[in-house]
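What follows is a set of notes on a single structure, which appears directly below.
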Amino acid sequence: MAAPRQVKMGQRGRGPTPQIEHPFIILKRIMGYVMKWYWLQYIFVIVCVFASTFANVQGTMFTKSLIDEYIIPMLGQQTADYTPLLNAILRVAGFYAIGIIAAFAQARLLMYITQGTLRNLRNEVFGNMEKLPVKYFDTHSHGDIMSVYTNDIDTLRQMISQSIPQLVTSVVTLVAVFVSMIILSPALTAISVAMVILMTIISARLSMSAGKNFAKQQASLGSVNGYIEEMMNGQKVVKSFCYEDKAIAEFTNRNEELFQSANKANSVVNVVMPINAQLGNLSYVICALVGGIFAINGFGGFTVGALGSFLTFNKQFAHPVSQISMQISAIMMGLAGGQRIFELKDAKPEVDEGYVTLVNAKRENGEIVECKERTGMWAWKHFHKAEGTTTYVELKGNVEFHEVDFAYEEGHPVLFDVELYAKPGQKIAFVGSTGAGKTTITNLINRFYDIADGKVRYDGININKIKKDDLRHSLGIVLQDTHLFSMTVKENIRYGKLDATDEEVYAAAKLANADSFIKHLPFGYDTMLESDGANLSQGQRQLLAIARAAIANPPVLILDEATSSIDTHTESLVQKGMDELMKGRTTFVIAHRLSTVKNSDCIVVLEKGRIIEKGNHDELIALKGKYYQLYTGNAIAQ
Amino acid sequence: MLKTLAKEIKQYKVASIITPLFMILEVICEMIIPRLMSSIVDDGVQKGDMNHIYGMAGLMVLVAVVSLAAGIGGGVFGAKASTGFAKNLRESMFKNIQKFSFKEIDKYSTAGLVTRLTTDVTNVQNAYQMILRMFVRSPMSLIIAMIMAFMIDGRIASVYLVAVIFLATGLGILMVLAMKHFRRLFEKYDKLNESVQENVSSIRVVKAYVREDYEKEKFNEASGAIYKLGLAAEKVLSFNNPIMIFTINACILIISWLGAHFIVAETLTTGDLLALLNYCMNILFSLMMLSMVFVMLTMSAASAKRISEVLEQESSIVNPEKPVMEVGNGDIVFKNVNFKYHDDGENYVLSDLNVNIKSGQTIGVIGGTGTGKTTFVSLISRFYDVNEGEVLVGGKNVREYDLDVLRDNVAMVLQKNELFTGTILDNLRWGDEKATEEDCIKAAKIAQAHDFVSSFPDGYNTKIEQGGTNVSGGQKQRLCIARALLKKPKILILDDSTSAVDTATDSKIRTGFRTELPDMTKIIISQRISSVMDADQIIVIEDGTFSAIGTHEELLKSNEMYASLYEAQTSGSGDFDEAAKGGV
């Protein structure tokens, strides 16, 4: 109960109940998930719930016998014999002991069940997420994906560890108390039941009204938060335009609206509790009154002790009823979270029907043969099903595009009829405005996105036949937005080749021109990078990304050059690093620098998804087309 | 901290005081009911007095009605007090943030401020409601039930006292132990989430290097660590419930035993025994509630602290007492200026700045990232105060001006351009509220924004989405320039704000400035030599100081860095696709 995360949930629980399409299917799946590893434990938990409820009811029933069977007979006796009472108390103590042990066992078991289930679920969801195609991440908001891990799994924890056992406890208690009450007095039971029904109706009405108000509150909260975010992001602009007062005025308006709706929503919710409590008290009073009359007249053997027990039961009866409705809405929240978790878990992983693999190879008598050790030579191992033979093709880095059309979304093609040939060691530069299709082409080479068969060939092999992992092993990539991980500098470089020695790491860093700045970091190569390398400059991050690609030593490179805005010193380092990296490799570069473009073997000018010009610098200049325009437009200004 | 927050209760003081009073009334009523019940048993049932039973029952109904009224009152006023408090907190924070200078904005970061205004306020709101309603109610209920119990029978009530002390100590110890584990658990949680975040945003890198399995292993390890820590924390907590049940049950049994003896000895009545059993439950349950309230309060303490930090933050830049309300002209003078961000920082970010700029001149500023270009121009509109030396605008120290007057006359187009939700026209009118559409079009024309704006179906009435995501980088920059021009400033500062605009358009914008706004002082920061080479003076910044000032020709001859930069940009390492981005 002291788990801090639950507080958040508590607040959430006050909002409107979410809508889920197939709550039972999801519930079944989640429970199936729990049962898969922990069915024995869960059954035991249920047993414990029964045991502790039973012990509790026994205890309350004891009040009746205490008064009727032990105290009243002893009244007026000269020498009271306490032995029967002592025995009775010991017997009840025994029940209680069982109850306490059951409660403890329940807590212990649940703890393993919940933590274990969550761990398994988390691991599976993450495992599946890693297998998803890039498209999934491009088409889903990262915030939504994150919230599966940060919120939804947590809501589910709440549901498994608390709501469901609570619900079971409540139902069992309700039944047990109901039976006990009927045993004590059916007539009084009828009164209690009627009051509880009244209570349920009233709180259902109120929570419906609260739900509406909460929806309103949610809307105004969204409006306030949106405004806050926008203004905080633009705070410096606000200041430079002296817009402060206007911003305050607008904010005050929205804030006032939020207050009005929040006040209403909270008021309604706050009122539910006292109303229920007093209806409970009313029920208590009526029962006390009627029970009192029964007891005086000895109606159906009703006694003072029975009244005492009944009144306690009466209180215990109302409690699980309100508990049940609370737990059900908490379970609904959990299910909504579960639905989102399963959506991520069920998302279809990247398809890979490739079977051509990348192997170490050497040449023996002119033939390429596979070998275990690293030779520096790689070959594509191609098994031909029809003939039952295996051929080896040396990995060279020959990439061809034939009549490639591509659309991210049906009906919105972004590439038309792209025709490309890259010979091993050549440098191909893509030039064109944003949205021309430069990045898309590179996305197709490493199969982040798949296209129809046979249109892209790598060393003569249809890339759809190449196993994705092996294809990607043969490709290096340096993106414009450098992504680094929260690990040490060394580990980040080693990301390119996990079994690299320290010496290899240093060599790669030197090649990328990163060595000198790394040495100046507080802990050199062992400096921890904070979230995505926030403690490094943009240029330094790029140098690390280059080193990371260098250590992988791939025959084909995909480079996305950074645009300006890095300082000249680092920029020249980055440039040198990139040039060094490109040596002897087939390189596809989304070019932003004149020197890169000029030195390319082939410049591809793209416009609106089509290749409009292709050739080397001199050829394109002579053509006096688009490239000429771009090139000279720049030159004129200078 | 609490004092700062308490100040924000303001108009909700009454509601804040009434709420706990109502809650106390509710508790008192609730505590009277078992007492009345015991009277029904003793004086009614056992003596067979029907009238007494009716009377007491009537009284109980009355008490219940009072209690209901009190409960509703507490609920309604509690909601008002807490949501109102939250409203005030948000408003005061927002207002105070508007007063912040750049120094304070940098200190808190955008994300930090947003969290404080949203999540933290909600946390405090809930905690406040909790304090008003439960924090008073639970101890009161405990105390009153205890008093009632003592009034009935001191001997049995002392059993309760022992039980309360026992339970409080037990729960307290458990909570302290558990909190330790939880703190570590949450740290791990944050780490795990960070790693997920990285995987989501860097999925291309993960996939390009075929590191899915490696990442999975890393994740499973972290997930396993959380499992272990979670178990450790819950192990402690698993004693919570059993201890509670044990204490309650032990109490009931002891009371039954003692009660039987006392009744037989005729020092206690049956009805009293029933009432005592009732109070027993009340006391121990309120104790449990109290412990829960405590946990929630400690958790919102962090939020409260973050909020009060913002509220207590004083802006380092305030208006002078007798401000100058007019800026004479666009002259700018820097005299021996030294500046550092933190007063206790060791090194100056900018040092020994001296420059004399005449009204109407065009000034180019060139230098690497992190050399202090942006900071230098921020001093002109007094977004930061200098530590030594002085900055003069229009012949007067910037500290003498009214801040709004100064900033209206010094327009700055920032590196990070922001447009706001609303139409293009709305956005342009940030510069001048009363600007006519013609004014706006004129400014847009100078900023070379008119053509593309006119090409939109809705023209100047095109809606800009949050963050300006529906216009390209270059378009955004040109709109921001137009917005700044509408202020009709005496000084215009462009902080690398044409970086996404092609060179040809960039050059047109500069030509426009020269012909249309000859009296305006123009300061242009750029990475591109071509953007500054026709300026009257070019300032080269290196390592936080002006390493050279001169015209293009002079600098080519005298400044090595400038010359090499020029060489690099014209001979091949310049940006190739600048032209492609916006121009064509």
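Can you find, within the range B:396-443, the residue that is modelled with the highest pLDDT among those that are touching an Asp or Glu at 6+ places or on another chain (Cβ under 6 Å) and among the polar types (S, T, N, Q)? Applying the filter and picking the extreme gives B:Asn397. Screening B:Ser158 on (1) among the small types (Gly, Ala, Ser); (2) within 15 Å of B:Leu290 (Cα to Cα); (3) away from every other protein chain (no Cβ under 14 Å) shows it passes everything except condition (2).
Residues that are within 30 Å of A:Ile546 (Cβ to Cβ) and at pLDDT 80 or above: which helices (runs of 4 or more DSSP H) entirely in the range A:587-638 hold 3 or more of them?
It comes to A:617-623.
Under 28 Å from the mean Cα position of the chain (by Cα) and either surrounded by fewer than 17 Cβ atoms within 10 Å (Cβ to Cβ) or modelled with pLDDT of 85 or more (or both): is that true of B:Arg382 in this structure? The answer is yes for B:Arg382. Residues that are closer than 26 Å to B:Val236 by Cβ number at least 2 in the following helices (runs of 4 or more DSSP H) confined to the range A:55-150: A:83-131.
Taking the stated definitions as given, is B:Asp495 within 14 Å of chain A (Cβ to nearest Cβ), charged (D, E, K, R) and in contact with a Cys (Cβ under 8 Å, 6 or more places away or on another chain)? Before you say what the answer is, go through the steps one by one.
Working: within 14 Å of chain A (Cβ to nearest Cβ): yes; charged (D, E, K, R): yes; in contact with a Cys (Cβ under 8 Å, 6 or more places away or on another chain): no.
For B:Asp495, the condition - within 14 Å of chain A (Cβ to nearest Cβ), charged (D, E, K, R) and in contact with a Cys (Cβ under 8 Å, 6 or more places away or on another chain) - is not met.
Scanning for something within 9 Å of chain A (Cβ to nearest Cβ), touching a helix residue (DSSP H, G or I) at 6+ places or on another chain (Cβ under 7 Å) and either among the aliphatic types (A, V, I, L, M) or not in a helix (DSSP H, G or I) (or both), does the range B:1-8 turn up at least one residue? There is no residue in the range B:1-8 that is within 9 Å of chain A (Cβ to nearest Cβ), touching a helix residue (DSSP H, G or I) at 6+ places or on another chain (Cβ under 7 Å) and either among the aliphatic types (A, V, I, L, M) or not in a helix (DSSP H, G or I) (or both). Somewhere in the range B:171-187, is a residue within 14 Å of another protein chain (Cβ to nearest Cβ) and either of a type in the set (Asp, Glu) or farther than 20 Å from B:Leu237 by Cβ (or both)? Yes, that holds for at least one residue. Residue pairs whose Cβ atoms lie under 6 Å apart, sitting 6 or more positions apart in sequence or on different chains, and linking a residue in the range A:248-275 that is farther than 25 Å from B:Gln98 by Cβ and facing another protein chain (nearest Cβ under 7 Å) to a partner that is part of a helix (DSSP H, G or I) and of a type in the set (Ser, Thr, Tyr), are A:Asn263/B:Thr83; A:Asn266/B:Thr83.
Identify, from the list B:Gly544, B:Gly550, the residue that is more than 11 Å from chain A (Cβ to nearest Cβ), within 21 Å of B:Leu350 (Cα to Cα) and modelled with pLDDT under 85.
On the way: B:Gly550 fails: modelled with pLDDT under 85.
Of the residues listed, the single one that is more than 11 Å from chain A (Cβ to nearest Cβ), within 21 Å of B:Leu350 (Cα to Cα) and modelled with pLDDT under 85 is B:Gly544.
Going by the conditions given, is B:Lys107 of a type in the set (D, E, K, R), buried (at least 22 other Cβ atoms within 10 Å of the Cβ) and within 16 Å of the chain's Cα centre (by Cα)? Write out each step before concluding.
On the way: of a type in the set (D, E, K, R): yes; buried (at least 22 other Cβ atoms within 10 Å of the Cβ): no; within 16 Å of the chain's Cα centre (by Cα): yes.
No.
Filtering the range B:83-105 to residues that are more than 13 Å from B:Arg116 (Cα to Cα), more than 7 Å from chain A (Cβ to nearest Cβ) and of a type in the set (Gly, Ala, Ser) leaves only B:Ser101.
Tally the residues that are facing another protein chain (nearest Cβ under 7 Å) and not in a loop (DSSP other than H, G, I, E, B), restricting the search to the range B:236-262. Explain how you work it out, then say what you get.
Within the range B:236-262, the first condition is being facing another protein chain (nearest Cβ under 7 Å), and the residues that meet it are B:237-238, B:240-242, B:245-246, B:249, B:252-253, B:256-257, B:260.
Checking the rest, the ones that are also not in a loop (DSSP other than H, G, I, E, B) come to B:237, B:240-242, B:245-246, B:249, B:252-253, B:256-257, B:260.
Adding up the residues that qualify gives 12.
When B:Glu312, B:Glu321 are checked against the criterion of being surrounded by fewer than 21 Cβ atoms within 10 Å (Cβ to Cβ) and without any contact (Cβ under 8 Å) to a residue 12 or more places away in the chain, B:Glu321 stands alone in meeting it. Just one of (1) among the hydrophobic types (A, V, I, L, M, F, W, C); (2) part of a helix (DSSP H, G or I); (3) closer than 30 Å to A:Asn446 by Cα fails for B:Ala232. It is (3). Selection within the range B:51-79: residues that are at the interface with chain A (Cβ under 7 Å from one of its Cβ atoms) and over 16 Å from A:Met273 (Cβ atoms). The member of this set that is surrounded by the fewest Cβ atoms within 10 Å (Cβ to Cβ) is B:Val61. Do the conditions hold for A:Ser207, that is, is it of a type in the set (Gly, Ala, Ser), in a helix (DSSP H, G or I) and in contact with a Lys or Arg (Cβ under 8 Å, 6 or more places away or on another chain)? When the stated conditions are applied, A:Ser207 does not pass them.
Run down B:Asp352, B:Asp331, B:Asp402 and say which single residue is within 14 Å of chain A (Cβ to nearest Cβ) and not β-branched (Val, Ile, Thr).
Numbers: B:Asp352 fails: within 14 Å of chain A (Cβ to nearest Cβ); B:Asp331 fails: within 14 Å of chain A (Cβ to nearest Cβ).
Only one candidate passes the filter, namely B:Asp402.
Quick check: anything in the range B:526-536 modelled with pLDDT of 90 or more and either in contact with a Gly (Cβ under 8 Å, 6 or more places away or on another chain) or closer than 23 Å to B:Asp352 by Cα (or both)?
Looking only at the range B:526-536, we keep the residues that are modelled with pLDDT of 90 or more, and these are B:535-536.
Keeping just the survivors that are either in contact with a Gly (Cβ under 8 Å, 6 or more places away or on another chain) or closer than 23 Å to B:Asp352 by Cα (or both) gives B:535-536.
So far as the range B:526-536 goes, yes, one or more of its residues are modelled with pLDDT of 90 or more and either in contact with a Gly (Cβ under 8 Å, 6 or more places away or on another chain) or closer than 23 Å to B:Asp352 by Cα (or both).
For residues that are of a type in the set (A, V, I, L, M) and within 21 Å of A:Glu530 (Cβ to Cβ), scanning just the range A:487-505, find the one that is surrounded by the fewest Cβ atoms within 10 Å (Cβ to Cβ). Top of the filtered list is A:Met487.
Sort through A:Glu410, A:Glu403, A:Glu419, A:Glu364 and tell me the only one that's closer than 21 Å to A:Ile463 by Cβ, acidic (Asp, Glu) and out of contact with any Phe, Trp or Tyr (no Cβ under 7 Å at 6 or more places or on another chain).
Details: A:Glu410 fails: closer than 21 Å to A:Ile463 by Cβ; A:Glu419 fails: out of contact with any Phe, Trp or Tyr (no Cβ under 7 Å at 6 or more places or on another chain); A:Glu364 fails: closer than 21 Å to A:Ile463 by Cβ.
Of the residues listed, the single one that is closer than 21 Å to A:Ile463 by Cβ, acidic (Asp, Glu) and out of contact with any Phe, Trp or Tyr (no Cβ under 7 Å at 6 or more places or on another chain) is A:Glu403.
Residue pairs whose Cβ atoms lie under 6 Å apart, separated by 6 or more positions or on different chains, with the first residue in the range A:586-600 and within 7 Å of another protein chain (Cβ to nearest Cβ) and the second of a type in the set (Ser, Thr, Tyr) and outside any helix (DSSP H, G or I), are A:His592/A:Thr563; A:Arg593/B:Ser573; A:Ser595/B:Ser573.
Within the range A:470-500, the set of residues being within 7 Å of chain B (Cβ to nearest Cβ), outside any loop (DSSP other than H, G, I, E, B) and free of Cβ contacts under 8 Å to residues at least 40 places away in the same chain comprises just one member, A:Arg472. For the range A:219-237, residues that are within 7 Å of chain B (Cβ to nearest Cβ), among the polar types (S, T, N, Q) and over 14 Å from B:Lys95 (Cα atoms) total 2.
It is to be established whether one or more residues within the range A:69-76 are of a type in the set (D, E, K, R) and at the interface with another protein chain (Cβ under 10 Å from one of its Cβ atoms). Quick ask: steps written out before the conclusion?
Step one: of the range A:69-76, the residues of a type in the set (D, E, K, R) are A:69.
So of that shortlist, the ones also at the interface with another protein chain (Cβ under 10 Å from one of its Cβ atoms) come out as none.
No, the range A:69-76 contains no residue that is of a type in the set (D, E, K, R) and at the interface with another protein chain (Cβ under 10 Å from one of its Cβ atoms).
Would you mind stating whether B:Ser82 is closer than 22 Å to A:Ile228 by Cα and not acidic (Asp, Glu)?
In short, yes.
Yes/no per residue for (1) farther than 23 Å from B:Ile143 by Cα; (2) in contact with a Ser or Thr (Cβ under 6 Å, 6 or more places away or on another chain); (3) touching a residue at least 40 places away in the same chain (Cβ under 8 Å):
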| residue | (1), (2), (3) |
| --- | --- |
| B:Pro34 | no, no, yes |
| B:Asp42 | yes, yes, yes |
| B:Gln46 | yes, no, yes |
| B:Asn51 | yes, no, no |
| B:Met60 | no, no, no |
| B:Val63 | no, no, no |
| B:Gly71 | no, no, yes |
| B:Gly74 | no, yes, yes |
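Taken residue by residue, the range B:119-133 has at least one member that is of a type in the set (Asp, Glu) and touching a Lys or Arg at 6+ places or on another chain (Cβ under 7 Å).
The values are calculated or read from the model by the stated rules, or taken from the named source; none is laboratory data. The shown structure was predicted, so the numbers you read here are calculated from the model rather than taken from an experiment. Neighbour counts run over all protein chains shown; Cβ positions are idealised from the backbone, glycine included.
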